[in-house]
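Contents: one structure, followed by commentary.
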Amino acid sequence: MKTRQKPQSITENKLIIAFDISKDKLNCYSEYPTTDKSKVNYLEDEFCNRTDTIKSKLMQWVRLSEEGDYDGLHIVAEATSVYHRKLFRTAHRMGITTSLVNTESVSKLKVVESNDSGKTDQKDPRIIFTLAALGKTLTHRQISGEYALLRQWNKIIFDLEKKMVSLRCQLHTIVSELFCDYTFNKDFLYSTSGQALVFLYGANPQKIVADDYSVFVKKMKREVPRIKGQTLQRIYEDALMSVQHCLSTEYTALLSHQVRTAIDDYNRFKTRKEEARFVVEGLYNKLLKENPLYPKPTQGVISGYWLGRLFGEIGPIEDFQTVRRLLRYAGLNIREQSSGTTKGRNKVSKKGRVMLRVLLSQVVFPLVKKKALYGDYYHGKKNGNMPGTKANTAVQRKFLKMLYGWSKSGKAFDPNRLFACESKYKTEMKLAS
């Protein structure tokens, strides 16, 4: 459940209750007029973050809103990682509307309101209420169905990738200690030949040289028939140099055991990631059946796996009335830096969804090669003295705009349309027909 970074005014006549949410408790604040309308009542409360308590309190405030001639109740809070969901889900089941406020806005308004940047559970709800009264709230998007599943699979895949990177770093450190003169690159251990070396010898040079060279070659050839002779010779020579460091047998055995364990864990995570790929592709195929206009996997542009991951982070693209709103959601909108005659560098805001930007960077990475889809565009910017990271961000913006238009049109991908304005494209189509 995330937000679209667009202030939304609460135009309905609803009783607004603002919350500061933590793991174990909720602090709330509200203001509403008395019966004679000349004074204001203040509602302040603190209670535990449990579903039954939340439901009881909300029912009490619903009755309060009915007595005050309000059209209902409206809940406003800062987004937390998971702790706000209990309150919001309970509110939705009771037909109560919800919205969020920007954490940065709360922090800055706090300084304006009290000239104090300190944080307390009693002060924050009051600041959140003020923002809501000013209409500076964010739409609370309820992501469900395949979108919610894809978003959760994204988290699982990101977690697997982090663990795999951590294991690779760990393996490199252990092998550098165990096999001191190992001269192969980092990827060799994950190849078929490297896996055989770990399986047979645990990458332990003492065990390798304990066998005669001919025996070593015979064992490795049995596991990897097509392994090159010069590779085997190089491994054996590296082992002969490494054993000169005279590490104890017990120590090398322990390091060898760590290598085997790390490789086993890496392979297990790799398998789970491959399984996740098939699940993501299947979920996106379901989305395509429900939304025929959505982009179809296209060779040289994007696969179903990456489309599924992107739409997991974006959610229903119909929620975004314009492409600018989608760019803001991703944090790829341009933030201007200028004051008077001073013109600073314009940068992307990076205030949106981090995981969406990470995915976009991974999606466009193979597309910026010289002969790829965005090759000319990317290298044209780099040749114009634009830094590579900035040029890559420009490609991400362009790709997201393309994805938005592609999702709305329902047509097959046309590379001729990508870098042509609408009028020029229509003219060329007429001439071609």
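Over 20 Å between Cα atoms: which of 270/296; 186/270; 14/55; 155/408; 23/108; 25/57 fall into that group?
Violating the 20 Å limit, Cα to Cα: 270/296; 155/408; 23/108.
Over what distance in Å are the Cα centres of region 336-399 and region 162-185 separated?
33
If each residue of separation counts as 0.36 nm, what is the full-extension length gain between residue 226 and residue 43 once their alpha-carbon separation is subtracted?
Fully extending the segment from residue 226 to residue 43 adds 58.2 nm.
Once phi is turned into ³J(HN,Hα) by the Karplus curve 6.51 cos²θ - 1.76 cosθ + 1.60 with θ = phi - 60°, what whole-Hz value does each residue of region 146-163 show in order, with x for glycine and proline?
Couplings: 4, 4, 5, 5, 5, 5, 5, 5, 4, 4, 4, 5, 4, 5, 4, 5, 4, 5 Hz.
What list of ³J(HN,Hα) couplings, whole Hz, do you get for region 296-310 from phi and the Karplus terms 6.51, -1.76, 1.60, once you set θ to phi - 60° and write x for glycine and proline?
9, x, 10, 4, x, 10, 7, 8, x, 4, 6, 4, x, 5, 5
Can you compute log10 of I(q)/I(0) for region 74-164 with the Debye formula, treating each Cα as one identical point scatterer, at q = 0.13 Å⁻¹?
With no solvent term, the Cα-only Debye profile gives -0.58.
What's the longest uninterrupted piece of the chain once you rule out the GluC sites (Glu not before Pro) that are loop residues per DSSP with at most 16 other Cβ within 10 Å?
Answer - 13-335.
For the chain, taking Cα atoms only, what is the radius of gyration to one decimal and the Dmax to the nearest whole Å?
29.3, 100
Give me the Kirkwood hydrodynamic radius of region 3-142, using the inverse of the mean 1/r over all pairs of distinct Cα atoms, in Å to one decimal.
By the Kirkwood definition, the hydrodynamic radius is 15.2 Å.
Once the convex hull of the C-alpha atoms of region 255-396 is built, how many Å³ does it hold per residue, rounded to a whole number?
Measuring per residue, one finds 184 Å³ for the Cα hull of region 255-396.
Given R₀ = 41 Å, FRET efficiency for residue 416-residue 354 by Cβ-Cβ distance, to 0.05?
Computed FRET efficiency for residue 416 and residue 354: 0.75.
Using amide H atoms built in the peptide plane, which far-off residues or other-chain residues are under 5 Å from residue 191 H to H?
none
Pop a pseudo-label 7 angstrom from the Cα along the beta-carbon direction at both residue 177 and residue 234 and give the gap in nm to one decimal.
2.6
Specify the angular offset, from 0 to 90 degrees and rounded to the nearest 10, of the alpha carbon long axis of helix 51-67 from the longest principal axis of the alpha carbons in the chain.
Roughly 30 degrees, rounded to the nearest 10.
Taking DSSP loops as anything outside H, G, I, E and B, show the longest stretch in the chain free of trypsin sites (Lys or Arg not before Pro) there with at most 10 other beta carbons within 10 Å.
Formally, the longest exposed-site-free interval is 40-225.
Apply the Karplus curve 6.51 cos²θ - 1.76 cosθ + 1.60, θ = phi - 60°, to the phi angles in region 164-170 and return the couplings in whole Hz, x for Gly and Pro.
5, 5, 4, 5, 5, 5, 4
Which residues' amide hydrogens lie under 5 Å from the amide hydrogen of residue 136, considering only partners 5 or more residues apart or on another chain, with H built in the peptide plane?
When sequence neighbours closer than 5 places are left aside, there are no close amide H contacts.
Relative to the present Cα-Cα distance, how much length would full extension add between residue 212 and residue 249 at 0.36 nm per residue of separation?
11.5 nm
Rounded to a whole number, what is D in µm²/s for region 151-272 from Stokes-Einstein with the Kirkwood radius over alpha-carbon pairs (25 °C, 0.890 mPa s)?
163
Just so you know, all these numbers are worked out from the coordinates, no wet-lab data involved. Only a predicted model underlies this, so the values are computations on that prediction, with no experimental measurement involved. Ideal geometry is used to build each Cβ from the backbone, glycine not excepted, and the neighbour counts take in all protein chains shown.
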